[in-house]
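Below: the structure, in structure tokens.
The values are calculated or read from the model by the stated rules, or taken from the named source; none is laboratory data. Everything numeric here is computed off the predicted structure, so don't read it as measured data. Cβ sites come from the backbone with ideal geometry, for glycine too, and all protein chains shown count toward neighbours.
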Amino acid sequence: MSYVSSHFHIVYSTKERVPSIPEELQPKLWAYTAGIAANHGIRALAIGGIEDHVHALISLPAIMSIAEAAQMKPSPRISMISHSTLKSKICHPERSASNLPPLPSLMGA
């Protein structure tokens, strides 16, 4: 029997890093994000952040790729968080594995 344990730290930024997540709404947003993760079979080990970004430490099921998990994001369109400053403020990470520059070789080749 195999055992797979994949943990990832994902950071979601507000659009243009504008500080638009009010402190009083942060606990609700963190709880909502954990709920989204649970609905997708992802274990949220820790979720938090500040006014301009959200950190999520997650554990993925063995059959899920990190790309699928990274697409899971808190949506500003939900009624629970209808605060006007949150509308259209949360965006996907701007850089994905497909557009990162190549890593320098560690083997000297």
Seminar exercise, completed: Filter segment 34-65 for residues that are in contact with a Leu (Cβ under 7 Å, 6 or more places away or on another chain) and over 24 Å from Glu23 (Cα atoms); the one that is surrounded by the fewest Cβ atoms within 10 Å (Cβ to Cβ) is Ser59
For this session: Tell me, please, whether a residue that is surrounded by fewer than 14 Cβ atoms within 10 Å (Cβ to Cβ), at pLDDT 75 or above and among the hydrophobic types (A, V, I, L, M, F, W, C) can be found in segment 80-92.
Result: no
